[in-house]
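This report concerns only the one structure given below.
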Amino acid sequence: MHSRYEEAYTQSLQDPEAFWANAAEDVNWYKKWDRVLDSSDQPLYRWFLGGVVNTCYNALDLHVENGRADQLALIYDSPVTDTIKTFTYRELLDVVARFAGVLRSQGIQKGDRVIVYMPMVPEAVIAMLACARIGAVHSVVFGGFAANELATRIDDAKPKIIVSASCGIEVERIIEYKPLLDKAIEQAETKPEYTIILQRPQAQASMIEGRDLDWDSLMSSTKPVDCVPVAATDPLYILYTSGTTGIPKGVVRDNGGHLVALKWSMKNIYGVDPGEVYWAASDVGWIVGHSYIVYAPLFHGCTTLLYEGKPVGTPDPGAFWRVISEHNVSVLFTAPTAFRAIKREDPEGALIERYEMKKFRSLFLAGERCDPDTLQWAKDKLNITVIDHWWQTESGWPMGANCVGLEEFPIKPGSCTKAVPGYDIRIVNDEGKEVEPKKIGNIVIKLPLPPGCFPTLWNNDSGYRESYLDSYPGYYKTADAGYKDEDDYLWVMSRTDDIINVAGHRLSTGGIEEVLASHADVAECAVVGIADEIKGEIPVGFLVLNAGVNRPGETIIQEVIQMVRDSIGPVASFKVATVIKRLPKTRSGKILRGTIKKMAEGIPYKIPATIDDPNILDEIKSDLANLGYPH
Ligand code: COA
Ligand code: AMP
């Protein structure tokens, strides 16, 4: 039988240049590439070398010129401020071109960095597209991060300007951004020349004369500017993500490959047509927000939706159904955690009945493995196609999926289905040898990665090689473990490093440990990601105190919880810790985090042969019992 997926997949691996050159025909180029794939500096690769494009042109101007000027480009739906605001392609182009004018008049040139630290407001999208328009490199920082995380990113990206807002709104709580921004700038070694602040009615930010500029007044006196042609290989943005230490990695995205891959993905993976409403319920500060709130839907001529709210509590667990029904959403993309939150509050899905969702046909889930129960619940209650798909900040678009636009495969709950065209996914043991089907191993991808994937880390080629390419020469290390079954379905099971996924947010337990260890009374510590019914995993801290410390353990626990909140941010969801006598270790001193995790989750575990002192596990068992583990 003819398989559209097989045909695309095979061609993408056998002749990647022909495959992606063909996809690139769908994009507007000022000048086409000289070489589809530049392999002259292996293991680093560049796509569409010599090509000249503009990302913003492809997202906006092209559609205005081609008959979509009056179609909605962006719907802003904000239950937390009780606002719905829409922008046609023409209107969005107008404000983006004018904000590009603002940036230009403040001295921003091609290649300059601009940090965007904003809540889920249209101005965040406008700022990103305005940067793309003039070839500036944006770096969006998620609002749930603390000042310290922002400062680290300022020092790495060295922005000339930071665009921010007076506040974000978390359900009913006003989160003032400006004090965090001021603190971050104070802490950072590199100072931006200016900040541009959007004053929201919910909070008024105090401004520093000469440094802080007001969004509205700048916009009222600016002129629109045109797109600046950039090289396909020029950076479009930097997005920082958790690595294995407290220092985040600056994932770089280029212009040309990103444009080609994301545009291709909309039809072939998501099965969406131009003109349809596509909603990624994520945050612009995460990769899902970059790729599937902002860029891909606009490249494809869809209407994209920016939702400033939560799946529950704004005002109820019917919020998603209200948005889908009110704005005629065809495809929704979110994290399984959102569905678990809805399911917990409305297990029967009673609120679904209240809304007519005529156009709604598919739900895509990512950010963590979708547990089969949640997948089944969504499928049963909504009666639509539900697809778990797998990707990373580094890839920028899905690596494993059921590509419904090409060919829909039967779902196996717990599997993300198959490798996406362009990704030659292999499962290898620690020596890099491929393992047989159904055997769990390291998931790696044969180089070159397809277009759209990160070509490097910001100013750090050597870190890129070291973190991702050196372990398995010729392959990209995903740091995920899993297996392929006899039908070539991919099962992504866990990380091989210290990253955990908390409510779809990627965190480094090592980064949290660094904060705990900096407490004066803490001698050593371990942070373990333990299964959580709603968030997938939550970080739990185990603290060993210095000899002679006689302050109450509970006080120290509250102090370290506050330290994590202040240093990493509320998004770390670090709320549980305990003081223990000693940590379980191997004879060589390695902390047995995996064993603690299994004990807490009630999963059978073997006492490691290399354990220093097996009796310690009884102590840990009773410490865990005091915390209520296993549930
Ligand atoms: N600015 C400031 N604070 C923020 C924030 C932001 N942008 N986003 C989250 N926070 C805060 C929350 O208010 C919360 O604070 P608290 O500890 O004082 O209550 C904390 O960070 C943890 O947030 P979160 O993990 O999101 O938990 P939650 O209880 O507020 O909501 C869910 C839980 C499941 C409803 C929520 O995580 C969700 O909607 N997830 C959807 C999936 C998603 O967006 N994934 C991203 C990748 S696809
Ligand atoms: P992020 O970079 O925040 O997108 O996180 C990427 C990580 O999330 C991956 O390396 C996986 O560990 C995990 N992940 C994302 N999607 C899935 C999925 N569908 N199944 C299993 N794990 C996933």
Phi to ³J(HN,Hα) by Karplus 6.51 cos²θ - 1.76 cosθ + 1.60 over region 207-217, Hz, x for Gly, Pro
9, 9, 3, x, 10, 9, 10, 8, 3, 4, 5
Let me make sure I get this right: for the chain, a, b and c are the square roots of the gyration tensor eigenvalues over alpha carbons, sorted descending. Under 1.5 in a/c it's rounded, otherwise prolate if a/b > b/c, else oblate. Which is it?
rounded
Pairwise label distance in nanometres, N328 with D273, each label 7 Å out on the Cα-Cβ vector:
1.2 nm
Note on region 459-577: alpha-carbon gyration tensor, axes a ≥ b ≥ c; rule is a/c under 1.5 for rounded, else prolate if a/b larger than b/c, else oblate; result prolate
Could you work out what % of the accessible surface of region 340-408 is carbon and sulfur, using a 1.4 angstrom probe and leaving DNA, RNA and ligands out of the count?
41 percent
Region 21-107, dipole about Cα centre (Lys/Arg Cβ +1, Asp/Glu Cβ -1), debye to the nearest 20
260 debye
Just want to confirm a number: the relative contact order over region 503-626, from Cα pairs under 8 angstrom separated by 6+ residues, in percent.
22 percent
If a/c stays under 1.5 just call it rounded; otherwise compare a/b with b/c (prolate if a/b is bigger, oblate if not). Do that for region 540-597, with a ≥ b ≥ c from the square roots of the Cα gyration tensor eigenvalues.
oblate
Mean Cβ neighbour count within 10 Å, used as a protection proxy, ranking 496-503, 266-273, 544-551, 334-341 highest first
334-341, 266-273, 496-503, 544-551
Quick one: which residues, 5 or more positions from D532 or on another chain, have an amide H under 5 Å from its amide H? H modelled 1.01 Å from N in the peptide plane, none for Pro or chain starts.
E537, I538
Please calculate how many Å² of accessible area the chain carries per residue, with a 1.4 Å probe and no DNA, RNA or ligand atoms counted.
38 Å²
Given a 1.4 Å probe and every protein chain left where it sits, what share in percent of the accessible area of region 503-626 is carbon and sulfur?
52 percent
What is the dipole size for region 503-626, taken about its Cα centre, with +1 at each Lys and Arg Cβ and -1 at each Asp and Glu Cβ, in debye to the nearest 20?
340 debye
Among N501, Y237, I352, whose Cα sits farthest toward the positive end of the charge dipole of the chain (+1 at Cβ of Lys/Arg, -1 at Cβ of Asp/Glu, about the Cα centre)?
Y237
Positive-end extreme of charge dipole, region 503-626 - chosen from G553, G594, A609 (charges on Cβ):
A609
With +1 at each Lys and Arg Cβ and -1 at each Asp and Glu Cβ, the charge dipole magnitude of the chain around its Cα centre, to the nearest 20 debye, comes out at 200 debye
Placed amide H near A73: partners under 5 Å, 5+ positions off or other chain:
F87, T88, Y89
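The values are calculated or read from the model by the stated rules, or taken from the named source; none is laboratory data. Note that the structure is predicted; figures quoted are calculated from it, not measured. Here the Cβ is made from the backbone with ideal geometry for all residues, glycine too, and neighbour counts use every protein chain on show. The area values use the complete protein model at the heavy-atom level, side chains included, leaving out ligands, DNA and RNA. Shrake-Rupley method; radii C 1.70, N 1.55, O 1.52, S 1.80 Å.
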